[in-house]
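The block underneath contains the structure these notes are about, expressed in structure tokens.
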Amino acid sequence: HPALIEEARRLGEPTGNYGIMDQIAALAWVRANVTAFGGNPDRVTIFGESGGGRSVNWLMTSPLSEGLIDGAISQSGRALQPLRHITEERMGLEPMSRIDERVIARLGVEPTVESMRALPTDRIVVPYLEMERDGFGPFIDGEVIPGDPGLIFAAGRQHDVPFIIGSNSFEANMSVARLRPEELLDAAKAALGSSNEEADELYAFSSQPENPIEWPVIDFIQDFVHLNSSRFLAKGMSNVEASGWLYHFEYLAGFRRPDQPRGAHHGAEMKYVFDNLHHATDAGRYDQAAQRTADIVSDLWVSFAEDGDPNAPHLPRWPVYDPEKDELLHIGDEVKAIADFRKPFLDFNERIYRNLMGLPPMAD
């Protein structure tokens, strides 16, 4: 809100993005205190999934977290959607300050710092989400969040620490749960603009199977929002000294496959990362193959936390991501490195993103 912006300027403090500042404060505390818990302050690895993955991306690009992390893993942390700016319209997105002014006005509260701070939490959060669902989230303020993660990685201005990023084979289950295929297709066409014809040729949008889950637009959303985002940030690690690794999680336990024909849903990798299949409510249904996958994935994450490299002698080889080789670790029935995964589709989506953000075109 403008009143908070003015107060912060007067005090010489950042404005907003307080959730990210909380995370940075927690990391500073860990760095200062973890030795007392048997931890190594020089090996602080952060990892998160979904909103946590996006937080990892923001922490990888925030100047205020410099020196507080030694490695980072972003799981399903989409990173290429343009962020709002604090006070300026940007890429068709109204500024966050204008949204907050509107919310306070609708609440009927005097727009002063004192009156706003006197509001109980439930009077702020519930109406805000009802009125401005799409507006909620971190924004570019120039101090905590200096810009879009995609642009910062492209310029090599992210923190120079080892980085893992990846996504699952059916992250789009969230989109399918919220919107009908026809609505998804309309939204895709609107986003594509002049590239719609090329997308239709590549994805066969005009093919609309009777089963909604089989509509090709779902593949486009999967690639555009998730796979392309992961590969783009992995590519950006070639602009710094530290290494990056890219993965694609597709594994499904046998008993889940009949009900999930499109693959691993958003969040499906978590119980494998933590190696806690035995704690699941359906623990007795996971077989030896599932447990073997959990052992491998968990060991990769732990190995990375130990020394900044997921590779270990007893694990499948996971090559550093090299844009020329375009290799990722495919986690399916086999866990192995493969090259050029969905390359024509991802190249198409990267061209769209680069054009949208004014970045140089892809190299041939």
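Brief remarks on what is shown
- A DSSP coil position with no more than 16 other Cβ atoms inside 10 Å describes the following GluC sites (Glu not before Pro) in the stretch 76-176: E88, E89, E132.
- For a label point 7 Å along the Cα-to-beta-carbon line of M270, residues of the stretch 71-97 with backbone N under 19 Å: 73-79
- Applying a DSSP loop filter and a limit of 16 other Cβ atoms within 10 Å to the chymotrypsin sites (Phe, Trp or Tyr not before Pro) in the stretch 51-149 leaves F136.
- Correct choice for Cα extents along the principal axes in Å that was computed from the model, options (1) 60, 59, 47; (2) 51, 47, 42; (3) 77, 63, 36: (1)
- Candidate lysines - alpha carbon under 28 Å from K189, same-chain residues fewer than 8 apart omitted: K235, K343
- The stretch 43-135: trypsin sites (Lys or Arg not before Pro) falling in loop per DSSP and having at most 15 other Cβ within 10 Å: R43
- Accessible surface computed residue by residue for the stretch 24-168, with neighbouring protein chains in place and a 1.4 Å probe, gives 45 Å² per residue.
- A straight chain from V302 to N239 at 0.36 nm per residue would run longer than the Cα-Cα distance by 20.1 nm.
- Hypothetical label at N33: residues of the stretch 72-102 whose amide nitrogen lies under 15 Å (7 Å Cα-Cβ projection): none
- Spin-label model distance (nm) - S194 vs H314, 7 Å beyond Cα toward Cβ: 5.6
- Percent accessible area from carbon and sulfur atoms, the chain, protein chains only, probe 1.4 Å: 50
- Of all aspartates and glutamates in the structure, those lying under 17 Å Cα to Cα from K271, and not within fewer than 8 positions of it along the same chain, are E49, E171, E250, D282, D287, D295, D299, D333.
- Under the criterion of Cα pairs below 8 Å and six or more residues apart, the relative contact order for the stretch 1-62 equals 22 percent.
- Point-charge dipole on Cβ atoms (K/R +1, D/E -1) for the chain, about Cα centre, debye to 20: 420
- Remark: spin-label model distance E183-R257 equals 3.3 nm, labels positioned 7 Å along the Cα→Cβ axis.
- Part-to-part distance (alpha-carbon centres) for the stretch 85-115 and the stretch 153-169, which is given in Å: 32
- Candidate residues M362, M96: accessible-area rank, largest first, probe 1.4 Å: M362, M96
- Percent RCO, i.e. relative contact order, over the stretch 169-249, from Cα pairs under 8 Å lying at least 6 residues apart: 30
- Projected label distance in nm at H279 and N40, using a 7 Å step from Cα toward the beta-carbon: 2.4
The values are calculated or read from the model by the stated rules, or taken from the named source; none is laboratory data. Since the model is a prediction, treat every value here as computed from it, not as a measurement. Here Cβ is always computed from backbone atoms with ideal geometry, including for glycine, and neighbour counts include all displayed protein chains. Just so you know, the surface numbers come from the protein's heavy atoms only, side chains and all, with ligands and any DNA or RNA stripped out. Shrake-Rupley method; radii C 1.70, N 1.55, O 1.52, S 1.80 Å.
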